[in-house]
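FYI, it's all coordinate maths here, none of it is from the lab. Keep in mind that this is a model prediction, so the values were computed, not measured. Here the Cβ positions follow ideal geometry from the backbone for every residue, glycine too, while neighbour counts run over all protein chains shown.
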């Protein structure tokens, strides 16, 4: 049987439209975008076109888009860049306990280099309370960094409400939109973002490319120093090949059927396993493609290993034969015996009803018709 890919939150395939747009740059369009001659000019036109496509997705000015090597670099540039250009007395950063490591680890790095760090808790659905953000802000607060959508459970944070309370105190807001861009609207003005990160391989572009939106007037120190690429904000010759892929992916629009498939999948799981399966994350405020479920009392990694040909993930780590619960689920207060049974299924543009049916049937066989095995 053909394998089933349900790990789109980890990485997406390159969409056919994206591959077609990139094709010419594999054999031509090789010029340096900074070169003044004909080869450079055609490459520069491609970079400019891609930047406009990213800006259109985000609803921002073209000049506010910086190309990066991916979401990790974009997050690092936002956090470290703002901190390195901070005003005197502004050294406090607020983030949440469920952020991606590419946010949490740079925050810990900055803490070792003089930053004051507050990591806010979340509730049982993975939501952070905007009022908790408001209470955490002090006169020293420089930046609030909060993800738009959680990569494991898909919970969508109340980013606009958080931005509102932050801006009332003249605090900048960084939004990690790696998981949400291309799945739900990510207009920067609607979200209230001063900085926003995008990762190419999460929205059907190739790996190795991403973008950082920087609101006009927001000052940051470059993470990479060199020549004056990207308006002096990110040194390194732009790849017309990769940014063309990112631009084409941003122009695709969201997949139309994935929400129906997600809800059908969850309904079938409930029908098959009843109270033996639990949904992790917010039941409504979550990505239209993400189904993170716990098979209660079971080991998610062991169960997933029995689903032959199915690509999904547990979001947990195994050490010395012992499955450790996901830090995200732990932060949400999910009991350890429930968290250990978690599997994240993330759907995408190519997911079909037949694939959903097959996965449910494989789970039935692995667990047993009575739900206990």
Post the alpha-carbon centroid distance, the range 106-155 to the range 39-104, in whole angstrom.
18 Å
Based on DSSP, what percent of beta bridges with both residues in the chain are antiparallel, to the nearest 5?
55 percent
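Nearest 500 deg cm²/dmol is fine: what mean residue ellipticity at 222 nm does the chain get from its DSSP H runs of n ≥ 4 alone, each adding -39,500 (n - 2.57), divided by its residue count? It would help to have the intermediate numbers written out before the result.
Numbers: 15 runs with 140 residues, N = 373.
Mean residue ellipticity at 222 nm (helix-derived): -10500 deg cm²/dmol.
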What's the Kirkwood radius of the range 255-367 in Å, using all Cα pairs?
14.3 Å
Relative to the longest principal axis of the chain, what angle (0 to 90°, nearest 10) does the C-alpha long axis of helix 38-58 take?
50 degrees
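Let me check against my output: what whole-number percent is the relative contact order of the range 255-367, with C-alpha pairs under 8 Å and at least 6 apart?
Numbers: 154 pairs, mean separation 38.6, N = 113.
Normalised by residue count, the contact order of the range 255-367 is 34 percent.
Write down the Kirkwood hydrodynamic radius of the range 129-288, to one decimal in angstroms, obtained as one divided by the mean of 1/r over all alpha carbon pairs.
Numbers: mean 1/r = 0.0561 Å⁻¹.
Answer for the range 129-288: a Kirkwood hydrodynamic radius of 17.8 Å.
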What order do you get for 260, 108 when you list them from fewest to most C-beta neighbours inside 10 Å?
260, 108
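Output the peptides 239-248, 293-302, 39-48 sorted from most to least packed, where packing is the average of other Cβ atoms within 10 Å over each peptide's residues.
Working: 239-248: 25.8, 293-302: 19.3, 39-48: 17.6.
Result, highest mean first: 239-248, 293-302, 39-48.
Starting from the Cα gyration tensor of the range 66-184, take the square roots of the eigenvalues, sort them a ≥ b ≥ c, and report rounded, prolate or oblate (rounded when a/c is under 1.5, otherwise prolate if a/b is larger than b/c, else oblate). Please list the in-between numbers first.
Numbers: a/c = 1.61, a/b = 1.16, b/c = 1.39.
Because a/c hits 1.5 or more and a/b fails to exceed b/c, the range 66-184 counts as oblate.
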The distance between the Cα centres of the range 17-32 and the range 207-228, in whole Å, is 24 Å
Using the alpha-carbon atoms, what tilt in degrees (0 to 90, nearest 10) does helix 240-250 show relative to the longest principal axis of the chain?
60 degrees
For the range 156-202 and the range 239-303, what is the separation of their Cα centres, given in Å?
21 Å
The residues 145, 69, 35, sorted from fewest to most surrounding Cβ atoms within 10 Å, come out as 35, 69, 145
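Any idea what diffusion coefficient the range 1-148 gets from Stokes-Einstein, in µm²/s, Kirkwood Rh on alpha carbon pairs, 20 °C, 1.002 mPa s?
So the translational diffusion coefficient is about 114 µm²/s.
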